[in-house]
Amino acid sequence: MANRYLEIFCREAEEHLASLQSGLLVLEKNPARTDLLHELLRNAHTLKGSARMVGLADISAITHTMEEQLKGMECGERKVDAQAIDLLLRGADAVALITSALLRGEAPELDVERFVAEYDRGELGQHLTPEPREAQPDTPQETVRADVKTLDQLVNLVGELIINKKRLEAKLDRLKEVAYALPAEHAAPLTAFRGELEEDVLYLDYLIQELHGKAMGLRMLPLRTISDGLERLVRDLAQQLGREVQFQIVGQAIEMDRVLLEGLKPILIHLLTNALSHGIEAPEARAAAGKPHRGTILLSARHQGNSVLVEVRDDGRGMDPAGIKAAAVSRGVLDQREADGLSDEEALYLTFRPGFSTAEIVTDVSGRGVGMDVVKKNIERVKGSVTLASQTGSFTQVTLQLPLTLSVLDALIVACGGETFAIPTTYLQEIVKVRASEIDTMGSGEVIKVRGATTPLYSLSGMLGLTERREAGDLPLSAVVLKHCDQRIACIVEAHLGYSEVVVKGLGRQFRNVRFLFGATILGDGNPALILNVPDLFESGRGVQRAPVSAEEAQAAQRRLKVLVVDDSITTRTMEQSILVSQGYAVVTAVSGEDALEKSAEEQFDLVISDVEMPGINGFELTRALRASERYRETPVIIVSSLSRDEDKRQALQAGAQAYIVKGAFDQGMLLETVQMLIG
Amino acid sequence: MGNDNGYDIRTILSQMREEYWQALAEEESEAKETLECLVFTLGGKRYAFETHYACEVIRVPKLVRVPAVQSLIRGIFNLRGEITAAIDIRPMLGLPQPEIGATGRILVVRGDNFATGILAEAAHGVQGLCFESFEPAATGLPGTRAQFVRGHFNLEDGSVVLLDMEALLADPELVAGEA
């Protein structure tokens, strides 16, 4: 909070300082222009007041002195001369120095106390750290500060350029057709002209690519910006859990789009928490297994092609495929027969299934504990994919493949249901031709063999609920084989129209809850094409042979997310409510467990946050009651409590809660992160 | 304080009050004359909303259908690089939906949350509609859902319904999937 106000103050100060500076310089040249004094006074006065508001005593003292000097000038008691103006400028410089240091979060390069004292006495303070630009005239400033918004706009504008260039290219093709249609003697000069134009467009293309690279570079930040906090997290967590761990980070300098990094952080926190609480064993157990006392967790990042690979690897107990299968069967994720058919590697991915992790152990240590399915969701949100590798007893490795940026994607353009769609190539395995005779039915669905593997076959237009045009007969159909985690599906499309680099445009707030779509792009002909969100297709495909998009389901996915906050303390209630509301959640509060049950029966909530100790039924009983009901069997529940014993956490888990936050450690970031991990 | 130098505070106050009311009345009578509205056809009838909601009126471009959204979102189009939705609000007003033909236009409007394009059968430009002919919606018009209608103007050549854009643009039915 304080930080935000500080930032606001610094921005305000910049404006006032700029106008002070320019006003003073004019005054220096024309000392007679005392009319300027009034405005200068106002600047100094406002600065003083604002500085007081945010508790910056030094700035308020300096500006107070400046104000006094200006007042003296205004009523004619003080001469308006070079020396007096110099003094005022020095004051403004000092304030600028302090605010810019504040913005960077560093100590100012100025003995502030001494300056304030001397400034108050009207001494020039020659000794103070000289102005950087005066002291080092031959090393000009190499960096400038830029607003993130401006950078985003810059990237958007470059995107527009790319689209425009595509339109030019489309026109070149048209010109070729025009030339073909002409008689040879007219065609020749046109073809020559077209050739020259093509060269110009090629050069333009090169320039735009360079520009795009530079513009994107401005938005890139090194992994270091988020990994610094992680070391602390691992250290604290290890201590709490009684583990001995060596945490290594490799590739801190790898750069990624700022937007992506923001999405990556909660994922990494989750994976590291998992590695510590489920992976690394207690020192004695490690010793008994003949492993070094200290466990190792390695976080590494490296480039691979057009993407970044981020790995979290621990040398702990690994994942046990048999155990995972058994757990999945007992939790009703799949039946025994299906489980037997899975390879050990496939079994690992069962942990991503929603039903699997609802019952997964709640690790409260870092204040949150949510299932791997949520991690997967978060990775999908940043267009990444995840692979798992593990050997029982020796290691677990989670590899995230992430795009460098979300603003430009490589995509396959396909025609489907009379429209054009772009499919990000990260999800594309291959394009195949399918003959009707090659399609088998299995259960109630259709399948084909792709490189020997039985792959479910869907019609893309059917999945999207668009009009279907599937011709009878044995004409080969075009299908795209999509991959996501360990799954493959094949989707029939009308035609594929080639690969293209597409500029991603958001669909805006009217479509913020839309399903199946990640954004849109604008094609060479100026028309938009929708970019598919492939993970949504897999989800839609999973329910065997149901209506492609059931109306209720689409609705459920697209509502504004609703949270029920249950607590008998008004402070906690209000606090949680305002935190959540500020992030766009719809919040309803309940004052007791009974009240919560009543309210939850009236409308459907996406998440319940509950206290434990309340008059009437307690939070555990409430959770159990919710779990027992048809409507709330799957709804995530977060317990926020001042009880911090392991016994309480175990009880919360048994009752069916997904996360446990201890009130003592309660902060707004933690609550939000947990909520976002659970329901987005 | 200053009674002896000839000022009568009561007179001054009542004078000020009079001036105040006069100014207010002037303002009102000025505003009362006409309301600047964009007039267009929906379901064969004339409708209008205040011009300040309108960004621009364009011919209907190629609309790209969006899967898995309610039918009133008829598609998206490229509005100079911004992806914008084209919506058919006629069902919300309980109106028939004749084909949008060659005279069809998209009225791009801006609400608090987003800009969107309203499909209309025709647009008739900006007109100053006379307040004197305005009748508030209490009577209700047959076949119209009253919640989005503020009333109608009885003009010489027929009536023009004034839409409540505030309510219309805030309606969750416009947001994909929230209907």
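Tabulated results
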quantity	calculated
Matching residues in segment A:426-451 - criterion: being touching a residue at least 40 places away in the same chain (Cβ under 8 Å) and surrounded by 14 or more Cβ atoms within 10 Å (Cβ to Cβ)	A:THR426, A:TYR427, A:LEU428, A:GLN429, A:ILE431, A:VAL432, A:VAL434, A:ILE448, A:VAL450
Which numbered condition B:GLU36 fails, given (1) away from every other protein chain (no Cβ under 11 Å); (2) in a strand (DSSP E or B); (3) buried (at least 18 other Cβ atoms within 10 Å of the Cβ)	(3)
Pairs with Cβ under 6 Å, 6+ apart, first in segment A:453-464 and away from chain B (no Cβ under 13 Å), second surrounded by 23 or more Cβ atoms within 10 Å (Cβ to Cβ) and part of a strand (DSSP E or B)	A:THR455/A:ALA490; A:PRO456/A:ILE489; A:LEU457/A:ALA490; A:TYR458/A:CYS491
From A:THR426, A:THR399, residue being of a type in the set (S, T, N, Q) and in a strand (DSSP E or B)	A:THR399
Any chance A:GLU210 is under 17 Å from A:LYS166 (Cα atoms), part of a helix (DSSP H, G or I) and among the acidic types (Asp, Glu)	yes
Which numbered condition A:MET670 fails, given (1) within 21 Å of A:VAL375 (Cα to Cα); (2) in contact with a helix residue (DSSP H, G or I) (Cβ under 7 Å, 6 or more places away or on another chain)	(2)
Residues located in segment B:39-64, provided they are facing chain A (nearest Cβ under 9 Å) and surrounded by fewer than 17 Cβ atoms within 10 Å (Cβ to Cβ)	B:LYS62
Matching residues in segment A:373-405 - criterion: being of a type in the set (A, V, I, L, M, F, W, C) and surrounded by 20 or more Cβ atoms within 10 Å (Cβ to Cβ)	A:VAL374, A:VAL375, A:ILE379, A:VAL386, A:VAL398, A:LEU400, A:LEU402
Among residues of segment A:531-567, those that are away from every other protein chain (no Cβ under 13 Å), outside any helix (DSSP H, G or I) and modelled with pLDDT of 70 or more, counted	5
A:VAL450 being within 30 Å of A:GLY213 (Cα to Cα) and hydrophobic (A, V, I, L, M, F, W, C)	no
Qualifying positions in segment A:474-530 - in a loop (DSSP other than H, G, I, E, B) and more than 7 Å from chain B (Cβ to nearest Cβ)	A:ASP474, A:LEU475, A:PRO476, A:CYS485, A:ASP486, A:GLU494, A:VAL504, A:GLY506, A:ARG512, A:LEU523, A:GLY524, A:ASP525
Only listed residue being surrounded by fewer than 13 Cβ atoms within 10 Å (Cβ to Cβ), acidic (Asp, Glu) and either at pLDDT 85 or above or over 27 Å from the mean Cα position of the chain (by Cα) (or both), chosen from B:GLU19, B:GLU28	B:GLU19
Count - residues of segment A:244-257 that are outside any strand (DSSP E or B) and either surrounded by fewer than 15 Cβ atoms within 10 Å (Cβ to Cβ) or in contact with a helix residue (DSSP H, G or I) (Cβ under 6 Å, 6 or more places away or on another chain) (or both)	3
Unmet criterion (only one of (1) modelled with pLDDT of 80 or more; (2) loosely packed, with under 13 Cβ neighbours inside 10 Å; (3) small (Gly, Ala, Ser)) for A:GLY55	(1)
Residues of segment B:150-178 that turn out to be within 14 Å of chain A (Cβ to nearest Cβ) and among the hydrophobic types (A, V, I, L, M, F, W, C), as a count	6
Residue list for segment A:8-25, restricted to those being among the polar types (S, T, N, Q) and in contact (Cβ under 8 Å) with a residue 24 or more places away in the chain	A:SER19, A:GLN21
Tally of residues being over 23 Å from the mean Cα position of the chain (by Cα), within 14 Å of another protein chain (Cβ to nearest Cβ) and of a type outside the set (A, V, I, L, M, F, W, C) across segment A:385-442	4
Candidates A:LEU221, A:LEU272, A:LEU260, A:LEU264, filtered to the one that is within 26 Å of A:ARG645 (Cα to Cα) and in contact with a Leu (Cβ under 9 Å, 6 or more places away or on another chain)	A:LEU272
Extreme residue, farthest from A:LEU561 (Cα to Cα), among residues of segment A:502-532 that are free of Cβ contacts under 8 Å to residues at least 40 places away in the same chain and among the charged types (D, E, K, R)	A:ARG509
Test result for A:GLY323, in a helix (DSSP H, G or I), more than 18 Å from A:VAL250 (Cβ to Cβ) and not β-branched (Val, Ile, Thr)	yes
Contacts under 7 angstrom Cβ, first residue in segment A:479-500 being at negative phi, partner acidic (Asp, Glu), 6 or more apart	A:VAL481/A:GLU430; A:ASP486/A:GLU346; A:TYR499/A:ASP410
Residue match in segment A:233-255 (condition: without any contact (Cβ under 8 Å) to a residue 40 or more places away in the chain and within 14 Å of chain B (Cβ to nearest Cβ))	no
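The values are calculated or read from the model by the stated rules, or taken from the named source; none is laboratory data. As the structure is a computational prediction, the values presented were derived from the model and not from experiment. Heads up, the Cβs are rebuilt from the backbone with ideal geometry, glycines too, and the neighbour counts pull from every protein chain shown.
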